[in-house]
Amino acid sequence: MRIFDPHIHMTSRTTDDYLAMYDSGVRALVEPSFWLGQPRTSPASFYDYFDALLGWEPFRAAQYGIAHHCTLALNPKEAGDPRCAPVLDALPRYLVKDGVVAVGEIGYDSMTPAEDHALAAQLQLAADHGLPALVHTPHRDKLAGLRRTVDAVRESALPPERVLLDHLNETTVKEARDSGCWLGFSIYPDTKMDEDRMVAVLRAYGTEKVLVNSAADWGRSDPLKTRKVADAMLAAGFTSADVEQVLWANPVAFYGQSGRLQLDVPAPRSAHEGNSILRGGE
């Protein structure tokens with residue numbers, strides 16, 4: 001079984017997680033840019049972080065046989081902080097990099113006017129650079145947030161088939177599907193969705209344009225949730241072809257719209273900018 005995790009924050013994970021993911025079937029992933037657990041105090045910290053997603057994390061992933069890609073953006077949680085606003089002007093020089101397969105995560109956190117501006121600006125950047133967009137739907141007031149997000153997409157130059165609406169659940173999936181966008185679901189141990197709920201959604205709505213991710217972040221999360229969804233699908237009577245579509249073909253089709261998806265893992269290098277994660281007899 002091969003798995004493509006389309007949304008996982010490996011910056012918050014250990015190298016042991018990379019090994020466990022490979023053993024569970026993960027062969028490719030996309031790491032969206034997000035917050036760092038505490039507010040950034042200057043745009044420069046974003047730029048170092050973007051450089052890490054373009055260099056250090058692909059280096060780490062390649063040590064474990066996993067193809068790493070990223071999405072870059074001013075994330076929703078920090079979009080309202082005026083200290084971070086200059087990131088919007090700097091993004092174009094990063095969005096031309098080969099490893100960037102979408103603009104993201106963008107969207108809403110608290111649904112403020114500043115977030116409206118950042119979302120609209122970054123949807124335009126995606127259109128300008130020929131990239132799809134990974135859109136974070138808010139964790140609070142989810143249906144209202146989903147509707148506001150869909151309105152923003154409709155007002156943008158980016159067609160819905162180039163937009164992935166993420167962090168969906170049972171309350172938002174129907175309207176998200178009706179929007180024409182791709183559908184993303186984050187599977188967590190305690191919050192968001194779990195494997196059984198995901199299987200129920202797939203039974204109700206089918207496997208077309210559905211992406212399942214383990215997200216993983218600073219709190220309790222599980223980087224093997226994609227494999228657990230695959231196993232739950234098989235146990236519920238879905239075919240191997242269904243699993244292949246949701247866990248591999250769909251993310252390849254969505255991010256393939258960037259024209260930059262490279263699924264062949266580069267040969268592992270011994271160091272990145274002079275630094276190595278190899279220890280002992282590795």
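The values are calculated or read from the model by the stated rules, or taken from the named source; none is laboratory data. Everything numeric here is computed off the predicted structure, so don't read it as measured data. Heads up, the Cβs are rebuilt from the backbone with ideal geometry, glycines too, and the neighbour counts pull from every protein chain shown.
Here are the numbers for the structure shown:
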{"item": "Number of positions in the range 204-227 that are modelled with pLDDT of 95 or more, farther than 16 Å from ASP166 by Cβ and either β-branched (Val, Ile, Thr) or buried (at least 18 other Cβ atoms within 10 Å of the Cβ) (or both)", "result": "3"}
{"item": "Extreme residue, nearest to VAL30 (Cα to Cα), among residues of the range 129-147 that are out of contact with any Phe, Trp or Tyr (no Cβ under 8 Å at 6 or more places or on another chain) and part of a loop (DSSP other than H, G, I, E, B)", "result": "LEU131"}
{"item": "First in the range 194-218 and farther than 23 Å from PHE34 by Cβ, second anywhere and of a type outside the set (Phe, Trp, Tyr) and at pLDDT below 95, Cβ under 9 Å, 6 or more apart", "result": "VAL201/MET193"}
{"item": "Residue satisfying all of: in the range 108-147; at pLDDT 95 or above and among the charged types (D, E, K, R); farthest from ALA85 (Cα to Cα) among these", "result": "ARG147"}
{"item": "Of all residues in the range 52-93 being in contact with a Leu (Cβ under 9 Å, 6 or more places away or on another chain), in a helix (DSSP H, G or I) and more than 30 Å from ARG147 (Cβ to Cβ), the one that is modelled with the lowest pLDDT", "result": "GLN63"}
{"item": "Residue satisfying condition, being out of contact with any Leu (no Cβ under 9 Å at 6 or more places or on another chain), exposed (fewer than 13 other Cβ atoms within 10 Å of the Cβ) and farther than 30 Å from SER156 by Cβ, within set ASP190, ASP231", "result": "ASP190"}
{"item": "Neighbours by Cβ (under 8 Å, 6+ apart or cross-chain): first from the range 148-172, buried (at least 24 other Cβ atoms within 10 Å of the Cβ) and at pLDDT 95 or above; second part of a helix (DSSP H, G or I) and among the aromatic types (Phe, Trp, Tyr)", "result": "LEU164/PHE254"}
{"item": "Qualifying positions in the range 67-78 - within 20 Å of TYR22 (Cα to Cα) and surrounded by 22 or more Cβ atoms within 10 Å (Cβ to Cβ)", "result": "HIS68, HIS69, CYS70"}
{"item": "VAL150 vs. criteria out of contact with any Cys (no Cβ under 7 Å at 6 or more places or on another chain) and part of a helix (DSSP H, G or I)", "result": "yes"}
{"item": "Complete set of residues in the range 146-174 that are out of contact with any strand residue (DSSP E or B) (no Cβ under 8 Å at 6 or more places or on another chain) and more than 21 Å from ASP196 (Cα to Cα)", "result": "ARG147, ARG148, ASP151, ALA152, ARG154, GLU155, SER156, ALA157, PRO159, PRO160"}
{"item": "Lone qualifier among ALA28, ALA85, ALA90 - being under 23 Å from ASP116 (Cα atoms) and buried (at least 17 other Cβ atoms within 10 Å of the Cβ)", "result": "ALA85"}
